[in-house]
Structures are given as C-alpha cells and as structure tokens.
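Following: one structure in structure tokens, then a few remarks.
The values are calculated or read from the model by the stated rules, or taken from the named source; none is laboratory data. No experiment lies behind these values; they were computed from the predicted model shown. In this analysis, Cβ positions are derived from the backbone assuming ideal geometry, glycine residues included, and neighbour counts consider all displayed protein chains.
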C-alpha cells in the first residue's frame, strides 16, 4: 500500500480501511464501491516446497472484470529480499496495467467529453506511437488536461515529454523545443516536487541541455521517490549509456525491464543497453540487444540507427546495411553526423560509432 501511494497518480485507500473490509470476505467489486475506488487488488501468499508464491488479481470495480492476474514465485533464500522484490513487481505491474486500461478507455470517448484524467491518458495513447503526427496529438491532449486541471503535475511532465521528442527526433527546432521541455518540466515540479514523473521530466530536459550531472541527480531523485518507477530507471540507463557509467547503464536497463517487461518504451531500454555494450567494446552483445530493440513494433528511426551502427561494429554488415536502407527510406540524407548529433557520446564512443557508420556508407 505504501509503495502504491508513492506513485502519486493514484488515490490509495489506507491500510486500516482495506483490512477491515478484507476480514468481512466482501467481493472485490463490492469493496471497491464501498471505498469509492475504481480498482481493487487482491492476493494470496503460499509457501510450499521451499518456494514462496504470491498470487495477485486486479479487478476493475465498474465492470467486476479481472484486468490483470499474475503469480510471482521465488525461492526464499532471503525472505525479506524476496518479499521486497515481489512487492516491487506487483506495484509496477499494477501501475502499468491501470495506465493501459485508462489509455484504451480514453480512446473510446469523444474528445469533447473527456475530463482531465481521461485527456491525460488520451495523450499517453498518442505519445507512445512515436510519430510526429501522434506526438502533436499527445501535446494537444496534455494541454487539454491542463486546461481542465492546471494543478495536474503529470500532465505537465507528459507535455515536457512531447517537447523532448520534438527536440530528440528533430521534429522541431532543437533549441526551442529543449527550452519548452525544460519549462514544462519546471511547471510540473512547481506543482508537485514529490512526483517522480516531474523529476523524470526535468532529468530528461537537463540532458537535452547538456547538463549531465544535473540530469542524473534529477533522475535519481525520481527513482528515490518511487523505486518502482520503471521509466526513471530507463532514463538513468539512457544517460549513462552515452557518457556516464556503461555498467550502471546495463544495470538500470535490466532493472527497468524487470519492473515493466512490456513497457511502451521497451525499445529504448534495450537500445540503451546496446549502446552501453559498445562503450565496453562488446560489439557482439551490442548487436544482439540492438536487434531486440529494433524488433519492437513502435521502434522509431533512431532505434533502427542504433541497430545499424551496432551491427556494423559487430561485422554483420549485410544486416547493418538493411537497417541503413530502411532509415533512408524516410530520412534520405541520414548520416553519421545525424546519429552522433542526436546523442551525447564520450569521444571514444563517438569514434567507435563513426567507424561503424563508415562500414555501411553512413559515414
């Protein structure tokens, strides 16, 4: 319950009220109506044959439908560490499932009928498509959410994300969009300094401005506030993969995927790990992780470029050229300068990526 409350996006009922109803054996949907909540999580714990199993169900109160169910099994070598790991997995899974249900529900409603919460989730639906047109739609709906509720910190964080994408993808003027990403992240922090998404947005905005130390500080603050915040761990991996600690990048990438194995930004988590392997001189590993990133259905051109460069460095030139050709179908003049200019690599990493680009005609 405490970990769910740290997410800041949910109204979480206090432990005493929850346990009082649990003792009466009331159905989850009935308990939800009594508590005036939209979702109820229930579960059981079993210990047998040297294993601990925790089974959890998430019920949508309105429909009495089970929207998610999972069983987590671990060996109780260190029972406190096991329970901590299972607790983190449950919280991150519940957060992801509720967000997905809310995104899809918002898409079924007429735009004119959306409230702030629904407009925000409609924005998320568009945001995760990672195209220029969809990004503009996301910006529109985040703006709508803020008109309806000017104190919605996470909507400002979402708006910052759209400006970040415009800068990162070169869909707009990089300096102008970077400034807007920073400004809207700042608005999010002013509203709620304890919201992990606000610090996540600021950390990403500072990275755009070339302020790596400040970026890492904000991103670390995000995961300190909510250790189950998968996007915070991914963003740490992203920054470390280019100019920080590549081993830390790998650890943060793995942890983000452990927390959110089906995340809409999974391609980025995988791509960051690939770039970290390049910096460690592990080109074969980099190629394999980059291929996994490029295989994600919403992977954009920059992810394909990571795959092309990593495959080239691994000597898999035919595969690398296939990705290079795919990129140039939409970006005819794409070259190594575009790739390097997108990121903030250390000089040795930049040299390696330029070497890969030359091998496949992107140099």
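Numbers below:
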| quantity | calculated |
| --- | --- |
| The one condition in (1) within 12 Å of the chain's Cα centre (by Cα); (2) over 23 Å from residue 351 (Cβ atoms); (3) in contact (Cβ under 8 Å) with a residue 24 or more places away in the chain that residue 238 fails to fulfil | (2) |
| Test for residue 188: is it farther than 26 Å from residue 103 by Cβ and crowded, with 24+ Cβ neighbours inside 10 Å | no |
| Per-region count, segment 152-193, residues within 20 Å of the chain's Cα centre (by Cα) and outside any helix (DSSP H, G or I) | 4 |
| Which listed residue is outside the structural domain of residue 95 (by TED's automatic domain parsing), farther than 24 Å from residue 346 by Cβ and in contact with a helix residue (DSSP H, G or I) (Cβ under 6 Å, 6 or more places away or on another chain), from 296, 279, 273, 321 | 296 |
| Filtered residue count, segment 327-339, keeping only those that are more than 20 Å from residue 272 (Cβ to Cβ), part of a helix (DSSP H, G or I) and in contact (Cβ under 8 Å) with a residue 24 or more places away in the chain | 1 |
| Complete set of residues in segment 75-118 that are out of contact with any strand residue (DSSP E or B) (no Cβ under 9 Å at 6 or more places or on another chain) and not in a helix (DSSP H, G or I) | 77, 78, 108, 109, 110, 114, 115 |
| Every residue from segment 353-363 that is surrounded by fewer than 17 Cβ atoms within 10 Å (Cβ to Cβ) and not in a loop (DSSP other than H, G, I, E, B) | 355, 358 |
| Residue tally, condition surrounded by 18 or more Cβ atoms within 10 Å (Cβ to Cβ) and in contact (Cβ under 8 Å) with a residue 12 or more places away in the chain, over segment 274-287 | 9 |
| Check on residue 82, within 25 Å of residue 232 (Cβ to Cβ), touching a residue at least 24 places away in the same chain (Cβ under 8 Å) and in contact with a helix residue (DSSP H, G or I) (Cβ under 9 Å, 6 or more places away or on another chain) | no |
